[in-house]
1. With θ taken as phi - 60° and the coefficients 6.51, -1.76 and 1.60, list the Karplus ³J(HN,Hα) couplings across the range 181-188 in order, rounded to whole Hz; mark glycine and proline as x.
2. Add +1 for every Lys or Arg and -1 for every Asp or Glu among the other residues with Cβ under 14 Å from the Cβ of Arg195, and state the total.
3. Could you list which residues have their amide H under 5 Å from that of Ala136, counting only those 5 or more apart in sequence or on another chain, with H placed in the peptide plane?
4. Starting from the Cα of Arg36, step 7 Å along the direction of its Cβ; do the same at Ala144; then give the gap between the two resulting points in nm.
5. In whole Hz, with x marking every Gly and Pro, tabulate ³J(HN,Hα) for the range 205-221 from phi via Karplus 6.51 cos²θ - 1.76 cosθ + 1.60, θ = phi - 60°.
6. So who's got an amide H within less than 5 Å of the one on Asp180, skipping anything under 5 residues away but keeping other chains? H placed 1.01 Å off N, in plane.
7. Under the rule of at least 5 residues apart or a separate chain, name every residue whose amide H is placed under 5 Å from the amide H of Gly226.
Amino acid sequence: MLTQKQSELLRFINDRIKSTGVSPSFDEMKEALNLRSKSGIHRLITALEERGFLRRLPNRARALEILRMPDDAANSRRQTAQFAPSVVTGNFAARDRSAPKRARPNTATGTDLPVLGRIAAGTPIEAIQHEVDRIAAPETLLAAGEHYILEVQGESMIDAGIFDGDYAIIQRVNDATNGDIVVALVDQEEATLKRLRKKGASIALEAANPEFETRIYGADRVSVQGRLVGLMRRYH
């Protein structure tokens with residue numbers, strides 16, 4: 001699943017290559033997407049590379065190659081147009097109901113919590129949607145205050161014991177301490193599950209897998225949406 005900006009950039013690059021035979025410059029991409037800096041374009045291109053949609057050709061300036069487009073570009077445009085870049089506020093995009101539903105944990109007793117979609121443990125993605133399910137979470141896994149559940153997607157936190165398909169129990173907070181694993185919203189657009197590190201005016205979102213890089217942002221670009229307090233997992 002691509003974010004709205006990732007999808008817009010991919011279509012822009014694809015259209016430009018088709019019309020001119022040359023990929024656009026970073027300045028042209030920044031202007032087309034109405035972004036404030038070229039670092040945002042670099043981040044989007046990196047995410048598209050990691051998802052296998054494009055690649056940068058070595059030793060050639062402005063050389064991008066489109067590897068594939070989303071399967072249903074028209075439907076993707078409709079869905080991303082409905083997306084409101086907010087997390088845990090209830091203004092969420094619709095979940096793709098055509099995808100097979102994963103069998104989920106079942107507990108006989110506990111507190112019924114809303115499942116608000118998926119969270120990336122990897123490259124940040126659009127994550128939190130409207131309520132798609134409810135799961136009873138054991139009281140012993142909860143902290144004080146309000147909680148919600150997200151299904152983990154990706155493997156960047158496996159060394160912290162968090163695996164693809166796990167259900168993360170999130171305490172709704174807007175701040176956290178160094179070392180906490182949090183739901184972080186980057187640039188009011190993309191959410192990810194990472195370990196939080198604060199240093200001066202910077203925030204590092206730290207992976208727990210050596211194959212994934214730690215990403216560093218200005219403090220004004222990251223907002224904490226919740227703190228991980230528990231996990232539920234189904235063994236197949």
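1. With coefficients 6.51, -1.76 and 1.60, one gets 8, 10, 8, 10, 9, 9, 6, 6 Hz.
2. Numbers: positive: Lys194, Arg197, Lys198, Lys199, Arg215, Arg227; negative: Asp159, Asp180, Glu206, Glu213.
Surrounding charge for Arg195 is +2.
3. Those qualifying (amide H under 5 Å, at least 5 residues apart or on another chain) are Thr107, Leu113.
4. My value for the distance between the label points is 3.4 nm.
5. Per-residue couplings from phi come out as 9, 9, 7, 10, 7, x, 7, 10, 7, 7, 9, 10, 9, x, 4, 6, 9 Hz.
6. The list, which skips near neighbours in sequence, is Leu196.
7. Distant-sequence amide H within range of Gly226: Val173, Val183.
All of the numbers you see were taken from the coordinates with simple rules; none came from a lab. The structure displayed is predicted, hence computed values, not measured ones. Because the Cβ atoms are built from the backbone with ideal geometry, glycine has one as well, and the counts that use them run over all protein chains shown.
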